[in-house]
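What follows is a single structure, written as structure tokens, with notes after it.
A short reminder: the numbers here are calculations on the coordinates, not readings from a lab. The structure presented is a predicted model; accordingly, all values stated were derived computationally and were not measured. Reconstructed Cβ throughout: ideal geometry from the backbone, glycine too, with neighbour counts over all protein chains shown.
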Amino acid sequence: PRTAALIPAAGSGTRLGRGPKAFVEVGGLSLLARSVACLSPYVDEVLVALPAGMALPDGVQAQPISGGDTRQASVLALLRATNADVVLIHDAARPFLPARVIREVAAAAWEVGAATAALPVADTLVQAKEGNDWGTLTPRESLWAVQTPQGFRRAALLAAHEAAQREGHAATDDAGLIARLGQRVALIPGDARLFKVTTPGDLALAEAVAAVWDK
Ligand code: C5P
């Protein structure tokens, strides 16, 4: 199948406080450039949704489009800009993509229809009560934390996004839009290095990973 990588990179990076997050550099390369470089060998084309008025960083080989006001709007714009059979959606904020995860998500996307990288939860989970007090323990067995990349047959994800838009249903996650329609989503074991760079502390972690990743 013809495969496209779609990278929503139009966020403002408010929590990080360093300007548009995809353009922040770790180990001398932007988060966006790292994501594109990891995905390029496995796909036929790469499309990136950028903040209004911004151009691709130098040296990034991809097709730029204008993002929307929300991640969901940016992904819908990306979906409308390709006619690939399979799409891999990946947050620019997750710059370290192991090849195994890309291959397994892409294969399952075509076979099952939808697939996402995800990690079994390792921590004990508790539902808080009255703000900051320990409430109820939540068994972590069978709980997974969802990452990207997420892979889909393009037509199925486009239909799910258009239904969500019609119904005014907001979502931060594409696989959730498929599951909401009762369709299968395969969970593919992800990787700790696929954490999302969100806060300044994550940036320190990303610098450390980059030093090993680039060796
Ligand atoms: O803010 P958060 O880290 O959850 O954003 C996840 C991804 O969605 C980021 O890569 C960000 O650039 C992208 N995004 C987007 N368009 C928006 C908001 C976020 O492409 N309007």
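Results, tabulated for the structure shown:
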item	result
Mean-position separation - Cα centroids, region 151-169 and region 21-41, in angstrom	27 Å
Rounded FRET efficiency, nearest 0.05, which uses the C-beta distance separating Leu205 from Leu119 and R0 of 22 Å	0.90
Long-range amide H partners of Arg2 with built H, under 5 Å	Asp85, Val86
Antiparallel DSSP beta bridges within region 1-146, percent to nearest 5	45 percent
Ellipsoid semi-axes in whole angstrom, largest first, where each is sqrt(5λ) of the Cα gyration tensor of the chain	25, 23, 18
Under the Karplus curve 6.51 cos²θ - 1.76 cosθ + 1.60, θ = phi - 60°, whole-Hz ³J(HN,Hα) for region 159-176, x wherever Gly or Pro sits	4, 5, 5, 5, 5, 4, 5, 4, 8, x, 8, 8, 8, 9, 9, 7, 4, x
Inter-label distance for Asp44 and Gln127, nm, one decimal - labels placed 7 Å from Cα along Cα-to-Cβ	4.7 nm
Full-stretch length increase - Leu29, Arg100 - with 0.36 nm per residue and alpha-carbon distance subtracted	23.3 nm
Within region 1-67: Cβ-based charge dipole about Cα centre, in debye rounded to nearest 20 (Lys, Arg +1; Asp, Glu -1)	260 debye
Candidate lysines - alpha carbon under 26 Å from Lys215, same-chain residues fewer than 8 apart omitted	Lys21, Lys196
Student exercise, the chain dipole from Lys, Arg, Asp, Glu Cβ charges, in Debye to nearest 20	160 debye
Helix-only mean residue ellipticity at 222 nm for the chain, each DSSP H run of n ≥ 4 adding -39500 (n - 2.57), per residue, nearest 500	-9500 deg cm²/dmol
Distance (nanometres) between label positions extended 7 Å along Cα→Cβ at Trp213 and Glu162	3.5 nm
Ratio Rg/Rh, restricted to region 46-133 and using Cα atoms, in which Rh is the Kirkwood radius	1.08
Residues of region 115-156 with amide N under 19 Å of a point placed 7 Å along Cα→Cβ from Arg15	117-128, 132, 144-150
Residues with amide H under 5 Å from that of Val121, placed H, sequence gap 5 or more	Leu143, Trp144, Ala145
Burial ordering of Arg71, Arg166, Arg15, fewest other beta-carbon atoms within 10 Å first	Arg166, Arg15, Arg71
